[in-house]
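Beneath this line is the structure, given in structure tokens, with notes to follow.
No value in this document is a laboratory result; all are computed from the given coordinates. Predicted model, so just to flag it, every value in this text is computed and none were measured. Neighbour counts run over all protein chains shown; Cβ positions are idealised from the backbone, glycine included.
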Amino acid sequence: MHIPILSRISTKITLASAFLLFATILLVVIGLLRGFAQTRTDVTTASQHGLQNQGQVALFDLTQVEAKLLNANLEQAASTTRHLVSLFNSLDQVPSLSLDDPLSQLTTGPANNRFDANPDRKSDLVIFANTPDSALLRQNLRDSQILDAIFPGVLANLGDALAIYYVSNEGMTRYYPVSNLQDIVPSDFDVPNENFYTIVAATRNPERKTVWTDIYSDELGKGLLTTVSSPIYQGDQFRGFIGIDITLNEFLKQLDTIPRPVAMLLCLINRAM
């Protein structure tokens with residue numbers, strides 16, 4: 001078919017315009033699709049970051065609650081040792097009804113440690129080999145017998161507390177719950193020279209305050225602990241102390257679930273409280 005030149009040029013222009021329009025529309029559509037995709041990616045990323053941040057905030061808040069609970073438990077334990085000291089001093093005014101020699105009821109082990117071997121005992125009672133016999137030792141044995149009836153109920157009502165015990169000025173130890181202490185503690189264990197004893201005794205604690213140990217790993221395999229102790233005095237004579245071991249395991253587990261910078265911030269906030 002014969003087509004005039006002008007008509008062919010018009011047709012080419014029309015086709016070119018249509019193609020240009022189509023290309024423009026296509027570019028716009030591609031741009032929109034890319035924009036939608038980027039927006040969706042941004043939204044997804046922001047959502048993920050938001051959820052992550054929300055999770056960190058939730059963990060932070062939960063750990064703060066755990067820290068406050070632990071702090072309350074520590075304060076309760078400290079207060080309990082002071083009340084038990086007051087109770088012990090008041091019981092000291094009551095004459096003992098037992099005329100038996102309390103030392104005669106103990107078993108001597110291979111390392112010369114003396115202990116209560118009664119399978120029905122309420123607490124571990126251990127007198128270490130380097131503890132000399134004395135009238136005061138016998139008095140402390142008799143006076144502390146009542147603690148066997150008190151310690152179980154007290155420990156059951158203390159959150160995070162693992163053990164409660166009385167240590168006399170000579171180092172005689174009455175420990176609850178029963179843990180076969182005589183089989184665990186080394187034979188040369190010198191209680192009056194151990195840090196948990198010296199920090200509460202008169203030389204390092206002349207103010208007779210309730211004191212705390214540093215965090216330590218327990219020899220009985222109970223994890224990381226701290227111990228709070230209050231001294232016992234009869235007039236000006238130091239007669240020992242009441243101590244309570246507090247576990248930090250649950251709090252430290254919770255602390256491990258949050259990022260390290262947040263955990264460090266939490267510790268700083270808790271220290272400032």
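Here is how the numbers come out for the structure above:
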item	result
Ordering of 135-144, 184-193 by packing [mean C-beta count within 10 Å, highest first]	135-144, 184-193
Neighbour-count ranking [beta-carbon atoms within 10 angstrom, fewest first] of Thr81, Thr203	Thr203, Thr81
Computed log₁₀ I(q)/I(0) - Debye formula, equal Cα scatterers, no solvent, the range 158-250, q 0.13, 0.16 Å⁻¹	-0.43, -0.65
Diffusion coefficient, µm² s⁻¹, Stokes-Einstein with Kirkwood Rh over alpha-carbon pairs of the range 67-252 at 25 °C and 0.890 mPa s	146 µm²/s
Greater than 26 Å apart at Cα, pairs in Lys68/Lys122; Lys122/Lys253; Lys209/Lys253; Lys222/Lys253	Lys68/Lys122; Lys122/Lys253; Lys209/Lys253
Gained length - Ala149 relative to Asp236, 0.36 nm times residue gap less alpha-carbon distance	28.6 nm
Inter-probe distance in nm under a simple model that places probes 7 Å from Cα toward Cβ, at Gln105 and Asn193	3.2 nm
Label-point gap, in nm, between Arg121 and Ala202 - each point 7 angstrom along Cα→Cβ	2.9 nm
